[in-house]
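To keep things clear, I will list the structure first and then write my remarks on it.
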């Protein structure tokens, strides 16, 4: 039996099939999760974004015109939600840092350690986290997911030329940061 | 104005080379979730979709914040409106008790005594429609309104007068009945 394409499954969902939507989720949830996780840098928020992405997609499937592929459309939702979550998280971190700085106890541990405490991540992930938002988005979508510039431009509402410049800046910055962390190489 | 240093753009080959270099330097990738996580994610997302699609998610929060307090307030208001009775004065209770035990003939008698001839009403109306004497109002109440509300208009003294009238009329009525038998 032929495996239905995304477009066929989308049509089945529009005809009322929840099973078809579950199949779409099963196909794409890992990529959506990893994109969110690389952009946000933490598991819990990434899981929440992954769920929210599918909920939004399900509710907005009527607006999906099929100009791009279903996955590109889904990706766009995931990236937007991730960037929103990232901004919220940055704000929270900023507030916490300010709060911790006020509570510094002489002789105590460095409060920045508490802020920086994260789950174990690779050097590359550390470097990516330090990139500005736009560069981070294009880096994750291009470097990890290998998406073409045209698709990324569609998702981030920007020009291909601008994206290329952003990506090249990001690559160089990441390379420099990784060299600084590991001077032997 | 910010001036950016113009950097030569990487061509595709240079881009690939840089990517490869970064990949080779990268440490171990962060550990991914185990297989059961993906199954659970599917189930949890489906639950979330059910909640949103059925409107349950919205209803619960909306009910907790708006609907339940609103309905409780409205019910409390209606119940209060239904059961609220202005506090009765002592006179009113007393008069009400008396009127309740009065015989029909005694009530008729009472109304007769206090009824005012139509000519008098016309004369008073000519003086001032809204200038209604208390006695006239009392008579009006006796004829038309709920007798138990008469107490609202009567002073202690007037209540005594009414009681005296009632007693005498009751006695007269009893005498009449006794005389008739």
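The values are calculated or read from the model by the stated rules, or taken from the named source; none is laboratory data. Treat the numbers as computed from the prediction; the structure is a model and nothing was measured. Glycine gets a Cβ as well: all are built from the backbone with ideal geometry, and neighbour counts include every protein chain shown.
Regarding residue A:91, is this residue surrounded by fewer than 19 Cβ atoms within 10 Å (Cβ to Cβ), within 13 Å of chain B (Cβ to nearest Cβ) and either part of a helix (DSSP H, G or I) or at pLDDT below 90 (or both)?
no
Do you know which residues across the stretch B:32-43 are surrounded by 11 or more Cβ atoms within 10 Å (Cβ to Cβ) and assigned to a loop (DSSP other than H, G, I, E, B)?
B:32, B:33
Out of the stretch B:36-58, which residues are modelled with pLDDT under 85 and out of contact with any helix residue (DSSP H, G or I) (no Cβ under 8 Å at 6 or more places or on another chain)?
Those that are modelled with pLDDT under 85 and out of contact with any helix residue (DSSP H, G or I) (no Cβ under 8 Å at 6 or more places or on another chain): B:54, B:55.
Would you tally the residues in the stretch A:53-71 being farther than 19 Å from residue A:147 by Cα, more than 8 Å from every other protein chain (Cβ to nearest Cβ) and surrounded by 15 or more Cβ atoms within 10 Å (Cβ to Cβ)?
4
Please determine whether any residue of the stretch A:103-120 is more than 14 Å from every other protein chain (Cβ to nearest Cβ) and either at pLDDT 80 or above or closer than 20 Å to residue B:17 by Cβ (or both).
No; the residues of the stretch A:103-120 include none that is more than 14 Å from every other protein chain (Cβ to nearest Cβ) and either at pLDDT 80 or above or closer than 20 Å to residue B:17 by Cβ (or both).
Among the residues of the stretch A:14-37, which ones are at the interface with chain B (Cβ under 9 Å from one of its Cβ atoms) and either buried (at least 16 other Cβ atoms within 10 Å of the Cβ) or under 17 Å from residue A:56 (Cβ atoms) (or both)?
A:18, A:21, A:22, A:25, A:29, A:33, A:34, A:37
If you take the residues of the stretch A:142-185 that are outside any helix (DSSP H, G or I) and within 8 Å of chain B (Cβ to nearest Cβ), which of them is modelled with the lowest pLDDT?
Top of the filtered list is A:185.
Being over 60 Å from the mean Cα position of the chain (by Cα), surrounded by 13 or more Cβ atoms within 10 Å (Cβ to Cβ) and more than 7 Å from chain A (Cβ to nearest Cβ) narrows it down to one residue among B:26, B:14; which is it?
Going through B:26, B:14 in turn, the sole match is B:14.
Step by step: first the residues of the stretch A:1-45, then only those that are within 16 Å of the chain's Cα centre (by Cα) and without any contact (Cβ under 8 Å) to a residue 24 or more places away in the chain, then the one that is farthest from residue A:127 (Cα to Cα). Which residue is that?
A:30
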